[in-house]
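Below: the structure, in structure tokens.
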Amino acid sequence: MIASTPAENRPPHIWFEVSLLMSFAFERKKMSRSKLVYTALAAIAIMAGLLYYSGRDAAPQEADPARLAELEALKTGDMKKLVLHKSPQPVSTASYETEAGGEATLADHKGKTILLNFWATWCAPCRKEMPMLAELQAEYGGEDFEVITVATGRNDPAAMKRFFEEIGVDNLPLHRDPSSAVAREMGVLGLPATVLIDESGDEIARLLGDAHWSSDSAKAIIEALLPEG
């Protein structure tokens, strides 16, 4: 796939080299039509390659090793299942349906640490861990941290509301990802799945399956991710 870059960012020598190659080809009167076609294709391939490499994004910045070591040391019990990424990963750009009926994306939450939980009304482990996520939100939720719960796949809004009522959760959002677009773009293959997103909007860790999110270990990890003071 050819990367597209703004015209002003394209190296000017690319066009010069291609035009020079084409001029040389057409000036050769004895060159057959097939050779002209091959030459033109070669010129296009060269141009595409140069544009691709000139427009490539820089490699993702690696996480601070000392920071990773600090977080790793805080992992005990269920939190040992939490996988910390050596390099921050991009998150989905797809939109999800908010509880209020509008649309939002994960980019809307940049500026705060996010615990993103994918769940479903049929998911038994989700029922077990959701109250613990609610406890995290009650203790740390605010301008620096938020628990965002997104029901992915076919989940009836009434059933979602009943699910929360039955487990006594009233401080988490009933967002929906009915087409599983967000979950699919983020490679979520099973539920529950929980993703930690930093204030820059990048995924920094992931845990598959349910976990004891109200444990001392989980809280220590969340506290380590929040601004000091």
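From the set of residues in the stretch 166-189 that are over 20 Å from Ile114 (Cβ atoms) and either assigned to a helix (DSSP H, G or I) or not assigned by TED's automatic domain parsing to the domain that holds Ala100 (or both), which is nearest to the chain's Cα centre (by Cα)?
So, considering only residues that are over 20 Å from Ile114 (Cβ atoms) and either assigned to a helix (DSSP H, G or I) or not assigned by TED's automatic domain parsing to the domain that holds Ala100 (or both), the one nearest to the chain's Cα centre (by Cα) is Ile167.
Mind counting the residues in the stretch 74-93 that are small (Gly, Ala, Ser) and crowded, with 17+ Cβ neighbours inside 10 Å? Show your work before the answer.
Quick first cut of the stretch 74-93, residues small (Gly, Ala, Ser) only: 77, 87, 92.
Pick out the ones that are also crowded, with 17+ Cβ neighbours inside 10 Å and you get 92.
Residues in the stretch 74-93 being small (Gly, Ala, Ser) and crowded, with 17+ Cβ neighbours inside 10 Å: 1 in total.
Answer with yes or no whether Ile114 is surrounded by 14 or more Cβ atoms within 10 Å (Cβ to Cβ) and at pLDDT below 95.
The answer is no for Ile114.
Counting only residues that are free of Cβ contacts under 8 Å to residues at least 60 places away in the same chain and in a loop (DSSP other than H, G, I, E, B), which one in the stretch 142-165 is surrounded by the most Cβ atoms within 10 Å (Cβ to Cβ)?
Asn155
Hey, among Glu139, Glu129, which residue is more than 22 Å from Gly209 (Cα to Cα) and surrounded by 13 or more Cβ atoms within 10 Å (Cβ to Cβ)? Working first, answer last.
Values: Glu129 fails: more than 22 Å from Gly209 (Cα to Cα).
Result: Glu139 is the single residue among Glu139, Glu129 that is more than 22 Å from Gly209 (Cα to Cα) and surrounded by 13 or more Cβ atoms within 10 Å (Cβ to Cβ).
Please specify each residue of the stretch 69-100 satisfying the condition of being in contact (Cβ under 8 Å) with a residue 40 or more places away in the chain, in a helix (DSSP H, G or I) and under 23 Å from Glu199 (Cα atoms).
Once the filter is applied, which keeps residues that are in contact (Cβ under 8 Å) with a residue 40 or more places away in the chain, in a helix (DSSP H, G or I) and under 23 Å from Glu199 (Cα atoms), the stretch 69-100 yields Glu70, Leu71, Met79, Lys81.
Starting from the stretch 101-128, take each residue that is touching a residue at least 12 places away in the same chain (Cβ under 8 Å) and part of a loop (DSSP other than H, G, I, E, B) and list its partners that are buried (at least 18 other Cβ atoms within 10 Å of the Cβ) and of a type in the set (S, T, N, Q), counting only C-beta distances under 8 angstrom and pairs at least six apart or across chains.
That search, which allows pairs on different chains as well, returns Thr105/Ser92; Ala120/Thr152; Ala120/Asn155; Thr121/Asn155.
The values are calculated or read from the model by the stated rules, or taken from the named source; none is laboratory data. In this text, all values refer to a predicted model and were calculated from it rather than measured experimentally. Virtual Cβ from ideal backbone geometry, glycine too; neighbours counted across all protein chains shown.
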